[in-house]
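*Asks:* This is the structure, below, for whatever I ask next.
The values are calculated or read from the model by the stated rules, or taken from the named source; none is laboratory data. Not measured: the values here are computed from a predicted model. Glycine also receives a Cβ, built like all others from the backbone with ideal geometry; neighbour counts cover every protein chain displayed.
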Amino acid sequence: MKSVFSLSQDRRSDAILKRLVVTGYKQHELGIFDDKHPGIRFIKKSLMKRLLDLLDEDLEWVIVSGQLGIETWAAEVVIELKVEYPHLRLAVITPFLEQEKNWNETKKEKYHSIIAQADYTTSLTKRPYEAPWQFIEKDKFFMRNSDGILIVFDEENDGSPKFVKKAAERHAAQTDYRVLTITADDLQVIAEEEQLNGWQ
């Protein structure tokens, strides 16, 4: 059976991957508006599977900016994994201060819980939101300070991750940077596996 995460879809080098950025769609881009959505389970399971593989390759740090969606779910998966892999570290590096300012109380609470459990937190620009340049600077900083990136992105569905994916691929063309992806097909395989397990 074909591996869920085939290397053919990843731009891969032989570089050791100790520091990994995880990003992808924002919650609303996936049509997910609360934590009860069944799709979250499959996304987190896919993230868990990929991170477990990377832990076998000496992964030490997972870095996110803390935006709602793939990044906060990835942070929750890392917090869960830290129980069995205490050497694994979580960094939340926001592009600007108070990114959660306009979120509802439930989302703020969840975000503050992630921040409290992270091993490292900071804000890159040390000021509130001003302009899109803060996101661009964040992406550049992340690529300079990591060995690879895992992006939940599907080529057939547009969205914000396409910009960071293009930037990461440009960076990878000149360095040993690794660009890994989880696609809609990967998520579908996870959903089907779970369905099969439910029938057994």
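*Asks:* Between a first residue in segment 21-48 that is at positive phi and a second residue that is assigned to a loop (DSSP other than H, G, I, E, B), which pairs have beta carbons less than 8 Å apart while being 6 or more apart in sequence or on different chains?
*Replies:* Within 8 Å, the pairs are Gly24/Phe153.
*Asks:* Here's another thing I want to ask about it. Specify which of the listed residues (Arg89, Arg50, Arg127) is farther than 21 Å from Leu150 by Cβ and among the basic types (Lys, Arg). Working first, answer last.
*Replies:* On the way: Arg89 fails: farther than 21 Å from Leu150 by Cβ; Arg50 fails: farther than 21 Å from Leu150 by Cβ.
Of Arg89, Arg50, Arg127, the one residue that is farther than 21 Å from Leu150 by Cβ and among the basic types (Lys, Arg) is Arg127.
*Asks:* List pairs: first residue in segment 181-200 and modelled with pLDDT of 85 or more, second residue surrounded by fewer than 10 Cβ atoms within 10 Å (Cβ to Cβ) anywhere in the structure, Cβ distance under 8 angstrom, at least six positions apart or on different chains.
*Replies:* Cβ pairs passing all conditions: Ala184/Glu156.
*Asks:* Out of the residues in segment 14-37 that are exposed (fewer than 15 other Cβ atoms within 10 Å of the Cβ) and more than 17 Å from Phe142 (Cα to Cα), state the one that is modelled with the lowest pLDDT.
*Replies:* Asp14
*Asks:* Restricting attention to segment 62-104, and to residues there that are under 19 Å from Ser46 (Cα atoms) and among the acidic types (Asp, Glu), which single residue is nearest to the chain's Cα centre (by Cα)?
*Replies:* Glu71
*Asks:* Do we have Lys162 as without any contact (Cβ under 8 Å) to a residue 60 or more places away in the chain, exposed (fewer than 13 other Cβ atoms within 10 Å of the Cβ) and basic (Lys, Arg) here? Talk me through it step by step, then tell me what you get.
*Replies:* Details: without any contact (Cβ under 8 Å) to a residue 60 or more places away in the chain: yes; exposed (fewer than 13 other Cβ atoms within 10 Å of the Cβ): no; basic (Lys, Arg): yes.
Criteria not met by Lys162.
*Asks:* Of all residues in segment 141-153 being touching a residue at least 24 places away in the same chain (Cβ under 8 Å) and surrounded by fewer than 19 Cβ atoms within 10 Å (Cβ to Cβ), which is nearest to Met48 (Cα to Cα)?
*Replies:* Result: Asn145.
*Asks:* Could I ask something else about it? Across segment 90-139, what is the total count of residues that are without any contact (Cβ under 8 Å) to a residue 12 or more places away in the chain and within 18 Å of Val164 (Cα to Cα)?
*Replies:* 4
*Asks:* Moving to a separate point now. Run Phe42 past the list (1) assigned to a loop (DSSP other than H, G, I, E, B); (2) over 13 Å from Leu150 (Cα atoms) and report the number of the one that doesn't hold.
*Replies:* Answer for Phe42: the failing condition is (1).
*Asks:* Then there is this: Report yes if some residue within segment 166-175 is assigned to a loop (DSSP other than H, G, I, E, B) and acidic (Asp, Glu); otherwise report no.
*Replies:* Of the residues in segment 166-175, the ones assigned to a loop (DSSP other than H, G, I, E, B) are 175.
Retained after the next criterion (residues that are acidic (Asp, Glu)): none.
No, the conditions are met nowhere in segment 166-175.
*Asks:* Mind listing whichever residues of segment 73-87 are among the β-branched types (Val, Ile, Thr) and either crowded, with 20+ Cβ neighbours inside 10 Å or farther than 15 Å from Met48 by Cα (or both)? Show your work before the answer.
*Replies:* Here is the first cut: in segment 73-87, the ones among the β-branched types (Val, Ile, Thr) are 77-79, 83.
Correct list: Val77, Val78.
*Asks:* Out of everything in segment 120-134 that is surrounded by 14 or more Cβ atoms within 10 Å (Cβ to Cβ) and at pLDDT 95 or above, what residue ends up being nearest to Leu17 (Cα to Cα)? Outline the logic, then answer.
*Replies:* First, the residues of segment 120-134 that are surrounded by 14 or more Cβ atoms within 10 Å (Cβ to Cβ): 121, 123-125, 129, 134.
In the following step, the residues that additionally are at pLDDT 95 or above were identified as 121, 123-124, 129, 134.
Numbers: Thr121: 21, Ser123: 24, Leu124: 23, Tyr129: 31, Gln134: 26 Å.
Top of the filtered list is Thr121.
*Asks:* Among the listed residues Val64, Val92, Val78, Val83, identify the single one that is in contact with a Gly (Cβ under 7 Å, 6 or more places away or on another chain), within 20 Å of Ala116 (Cα to Cα) and among the hydrophobic types (A, V, I, L, M, F, W, C). Don't jump to the end; show me each part of the working.
*Replies:* On the way: Val64 fails: in contact with a Gly (Cβ under 7 Å, 6 or more places away or on another chain); Val78 fails: in contact with a Gly (Cβ under 7 Å, 6 or more places away or on another chain); Val83 fails: in contact with a Gly (Cβ under 7 Å, 6 or more places away or on another chain).
From the options Val64, Val92, Val78, Val83, the qualifying one is Val92.
*Asks:* Please go through segment 45-68 and give me each residue that is assigned to a loop (DSSP other than H, G, I, E, B) and either modelled with pLDDT of 95 or more or crowded, with 18+ Cβ neighbours inside 10 Å (or both), ordered by number. Don't jump to the end; show me each part of the working.
*Replies:* In the first step, residues of segment 45-68 are kept if they are assigned to a loop (DSSP other than H, G, I, E, B); the result is 56-60, 65-68.
Across segment 45-68, the qualifying residues are Leu59, Glu60, Ser65, Gly66, Gln67, Leu68.
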